[in-house]
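Working notes, beginning with the structure itself.
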Amino acid sequence: KIEACSNSLLEALSCGLPAVVRNSSSNPEILSSNGLVFNNNIDIIPIIDLMVQDYNNYVEKIVTNEIGHISEMYYEFSTNIRKLKGKNQPPNFVDRMKNLLVRN
């Protein structure tokens, strides 16, 4: 039910497979317009039926980012974090973010 960033979702979208995801965690954000979202178990079958009815349209709409673009976004994020140092940020915010970036 709660998945921070599902590898199976990312892999499905990268392969051109539209997805049906639970409306929780980061799923809707990752999915964007690349599929449909359900809220509870009762919704799953009607949502899948809806996708099947217009499946080719969902496949054609899938947009994923190339690895080069993703790395540029990470670089921009880390650069912006460095710019925050010395500004009025919560205590240790910048150091925590630096450690996170270094470890990953």
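Projecting label points 7 angstrom from Cα along Cα→Cβ for Asn56 and Glu11 puts them 2.9 nm apart. Charged neighbours of Val20, selected by a Cβ distance under 11 Å, balance to -1 (K, R count +1; D, E count -1). With the cut-off at 14 Å, report for the range 19-83 the share of all Cα pairs above it, as a whole percent. For the range 19-83, the share of Cα pairs beyond 14 Å comes to 66 percent. The label point for Ile42 and the one for His69, both projected 7 Å from the Cα toward the Cβ, are 3.8 nm apart. Of the peptides 18-27, 52-61, 35-44, the ranking by mean beta-carbon count within 10 Å, highest at the top, reads 18-27, 35-44, 52-61. Dipole magnitude for the range 1-82: about 200 debye, using +1 per Lys or Arg Cβ and -1 per Asp or Glu Cβ, origin at the Cα centre. Taking all protein chains as shown and a probe of 1.4 angstrom, Leu9 keeps an accessible surface of around 10 Å².
The values are calculated or read from the model by the stated rules, or taken from the named source; none is laboratory data. If you're wondering where the values come from, they're calculated on a predicted model, not measured in any experiment. Using ideal geometry, Cβ is built from the backbone for each residue, glycine included, and neighbour counts are taken over all protein chains shown. Heads up: the accessible areas ignore ligands, DNA and RNA and are worked out on the full protein's heavy atoms, side chains in. Shrake-Rupley method; radii C 1.70, N 1.55, O 1.52, S 1.80 Å.
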